[in-house]
Amino acid sequence: MDYFLELFLGGLTRGSIYALIALGYTMVYGIIELINFAHGEIYMIGAFTGLIVISVLTMLGWNSIAIIVLAALIAMLYSAAYGFTIEKIAYKPLRGSQRLSALISAIGMSLFLQNYVLLAQTSNFLPYPNLVPTWDFLQPYEHIVRSTEMVIYIATALVMVLLTYLIKFTRMGKAMRAVAQDRDMSMLVGVDVNRVISFTFIIGSSIAALGGVLVASHIGQVNFYVGFIVGIKAFVAAVLGGIGSMPGAVLGSLVLGWTESFFTGYISSDYEDVFAFLFLVLILIFRPAGLLGRSDTDKV
Amino acid sequence: MKKRFGRYFVLIALVTLTGMVLFACGQQQEQPAEATKEAAPVEKAVEPIKLGVAGAHSGDLASYGIPTVRAAELIVKKRNAMTGICGRQIELLVEDDVCKPEVATNTATKLVTDGANVVVGHICSGATKAALGIYKESGVIAMSPSATNPALTQSGDYPNFYRTIASDDAQARLEVDFALDVLKLKKIAVLHDKGDYGKGLAEFAKGFLEGDSRAEVVLYEGITPGAVDYSAVVQKIKQSEAEAVIFGGYHPEASKLVQQMRNKAMDTVFISDDGVKDDTFIKVAGEFAEGVYATGPVDTSSNPIAVDAVELHKKEYGEEPGAFFLNAYAATLALLNAIEKSGSTDYDVLTKTLQSEWVATPLGIIKFDEKGDAIGVGFAVYQVQNGQYVTVEF
């Protein structure tokens, strides 16, 4: 039973990590139907920015909670600026053209950012300090769940709730839903489509950066390539949950995390990816729109 | 009388001169004269010897490949400042394969097209294997400072391949012997990263452990490289009650595994390979690296050639050399020595010379067996103590 619980929590950690990135993917897809492959790189840039801020503030001798909070905030701001700029440079000029062009542009952006960080920073793995304090009340359960993992769970849950609120109950959320349903029509009724799309990228990117800082703290290292693999997995999770749906992205991520964890725990990690993707195929056969996806017919 | 003496004098002088030339440019083997006389004089004076260097010079494994380039640069610079080899200058052709097999085939093709006579490389086993077929077809000899996959030499598929590092099975043997004889462990988990290098090593370790009644393999698993979290595997190690983990793979995964194991309050012994015996591992894993064992090439830093090489590196690049630097230095020396001794870059002649001539390198005095493994190169066990790898005597 203990073993089951441990695997369950391990899966929850992985799932929550995927979810923080999948949320950004799914949001962008929901609004402009673009798979933003550069999203994983935004996550990586967030982690790097966090590391730089952490290094500087540690030298100044700040308190560790203040450092990690400030690092996360600055990383979010910085990555938001990246997301905003990427959309303006790489996607906006292609908005009227085929979807494939924007997709290729996204892949190009992803490679560009990876190599930019490789050249501007380093090709080496860098150690990432874990500044999340160890909580006393978790001490007896330390062998099953650590405070960093707890912070990741809480952050994921909070982000999901906030996003759902944003989309369901605010004016901007209403505009986002309108753009998602019909861009031309919402333009006609006076929605500033460019602003809505920029806003979506800003929110999505800052969530990815938050994920970057937390996950890098959890695994204790970072390099220019970390965003790519995580990005692919998060994309799979978003598709699994039904791309375009917020709760779907979280559910899909958790399902993927648990599948991997239990499969590793009870069978073998050799075929972890094989099994995870087999599961994806099975779900898509029976529910082509994903677990929580809208099954209305595609616009294109 | 006077005239006769003069004639003898000229003769002696000629013989001595010829002798010196022969001594300097090798050709001590049986079938020398004709080949050199015909082809050499024209080609030798003009054409430089082209020394290819291939490996990971960028990407996440660049720290394994860069030291090789530097080793080759240092030697070539030194030799060219003297008269090169047999009067021929040495030209370096450096190509990056980022340790990826699919890139390595292009790298190899490029080097062959550019006319590389011999190649130092590649760095990673997977990439080396991919490239070797191309060198074989073109009759180019490749010597790797770091590709340790046993099949590269033992399969006999690549007669053009040599290496200045011992193969993985030698390394796995040492890991297992150390775990059983010295640490006296009974339950061992064997993990790998599913790559050519890591998995190959893990399979040997598993095989050796199974052939020994003193210990059992309680877990044998491949982990997914680059994953964000290894808690499931770590829980599984804990569940298996293994006293030690033997891990085949590179440092990024090793540091994540060790860190997560220590975070779960597990003090399981961690034994790994020369992919982990890299200072980057200690830097990234930090305090968690303490106590980790890793096998790696025997420390030959007191060897005078090695001391010279390291000094030269510090002078030129202002820092300590990185991984496989001495192996690469040895490989470059061995190749150039063979060319010098035989006076040729011909495949058959070089093969014969590499297998018969001993050469002094930073790793000791070595030559190669008929499969391509270096005779006189071995492994030792190291442990991280106070942030440094220290040789473990046993």
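The values are calculated or read from the model by the stated rules, or taken from the named source; none is laboratory data. Only a predicted model underlies this, so the values are computations on that prediction, with no experimental measurement involved. Heads up, the Cβs are rebuilt from the backbone with ideal geometry, glycines too, and the neighbour counts pull from every protein chain shown.
A few comments on the model shown:
Okay, residues lined up against (1) modelled with pLDDT of 90 or more; (2) among the aromatic types (Phe, Trp, Tyr); (3) surrounded by fewer than 23 Cβ atoms within 10 Å (Cβ to Cβ):
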residue: A:Asp2; (1), (2), (3): no, no, yes
residue: A:Leu20; (1), (2), (3): yes, no, no
residue: A:Leu23; (1), (2), (3): yes, no, no
residue: A:His39; (1), (2), (3): yes, no, no
residue: A:Met44; (1), (2), (3): yes, no, no
residue: A:Gly50; (1), (2), (3): yes, no, no
residue: A:Ile54; (1), (2), (3): yes, no, no
residue: A:Leu57; (1), (2), (3): yes, no, yes
residue: A:Ser79; (1), (2), (3): yes, no, no
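- In summary, helices (runs of 4 or more DSSP H) completely within the range A:1-97 and bearing 1 or more residues that are within 14 Å of chain B (Cβ to nearest Cβ) occur at A:2-32, A:39-59.
- Residue within the range B:244-262 that is surrounded by fewer than 19 Cβ atoms within 10 Å (Cβ to Cβ) and either of a type in the set (Asp, Glu) or out of contact with any helix residue (DSSP H, G or I) (no Cβ under 8 Å at 6 or more places or on another chain) (or both) present: no
- Odd one out for A:Leu163, checked against (1) hydrophobic (A, V, I, L, M, F, W, C); (2) touching a helix residue (DSSP H, G or I) at 6+ places or on another chain (Cβ under 7 Å); (3) in a helix (DSSP H, G or I); (4) farther than 23 Å from A:Gly241 by Cβ: (4)
- Checking the stated criteria, B:Val94 turns out not to satisfy the condition of being within 21 Å of B:Leu363 (Cα to Cα) and not in a loop (DSSP other than H, G, I, E, B).
- Cβ pairs under 6 Å, 6+ apart, first in the range B:272-291 and under 15 Å from B:Gln385 (Cα atoms), second basic (Lys, Arg): B:Phe288/B:Arg262
- Residues in the range B:221-242 that are acidic (Asp, Glu) and buried (at least 23 other Cβ atoms within 10 Å of the Cβ): B:Asp229 only.
- Tally, over the range B:370-394, of residues that are assigned to a loop (DSSP other than H, G, I, E, B) and either surrounded by 12 or more Cβ atoms within 10 Å (Cβ to Cβ) or at pLDDT below 90 (or both): 10
- Verdict on B:Ala142 being under 18 Å from the mean Cα position of the chain (by Cα), part of a helix (DSSP H, G or I) and either of a type in the set (Gly, Ala, Ser) or surrounded by fewer than 23 Cβ atoms within 10 Å (Cβ to Cβ) (or both): no
- Filter result for the condition that a residue is more than 12 Å from the chain's Cα centre (by Cα), assigned to a helix (DSSP H, G or I), hydroxyl-bearing (Ser, Thr, Tyr) and over 30 Å from B:Lys264 (Cβ atoms), over A:Ser205, A:Ser198: A:Ser198
- Selected residue (only one of A:Leu111, A:Leu131 is assigned to a loop (DSSP other than H, G, I, E, B) and within 14 Å of another protein chain (Cβ to nearest Cβ)): A:Leu131
- Restricted to strands (runs of 3 or more DSSP E) entirely inside the range B:238-312, no element has at least 3 residues that are in contact with a Ser or Thr (Cβ under 6 Å, 6 or more places away or on another chain), within 10 Å of chain A (Cβ to nearest Cβ) and closer than 22 Å to B:Ala202 by Cα.
So that you can scan it fast, the table gives a plain yes or no per residue for (1) part of a helix (DSSP H, G or I); (2) among the polar types (S, T, N, Q); (3) at positive phi:
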residue	(1), (2), (3)
A:Phe224	no, no, no
A:Gly227	yes, no, no
A:Gly248	yes, no, no
A:Ser253	yes, yes, no
A:Asp270	yes, no, no
A:Phe277	yes, no, no
A:Gly293	no, no, no
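- Going through (1) more than 14 Å from chain B (Cβ to nearest Cβ); (2) touching a helix residue (DSSP H, G or I) at 6+ places or on another chain (Cβ under 7 Å) one by one, A:Arg195 falls short only on (2).
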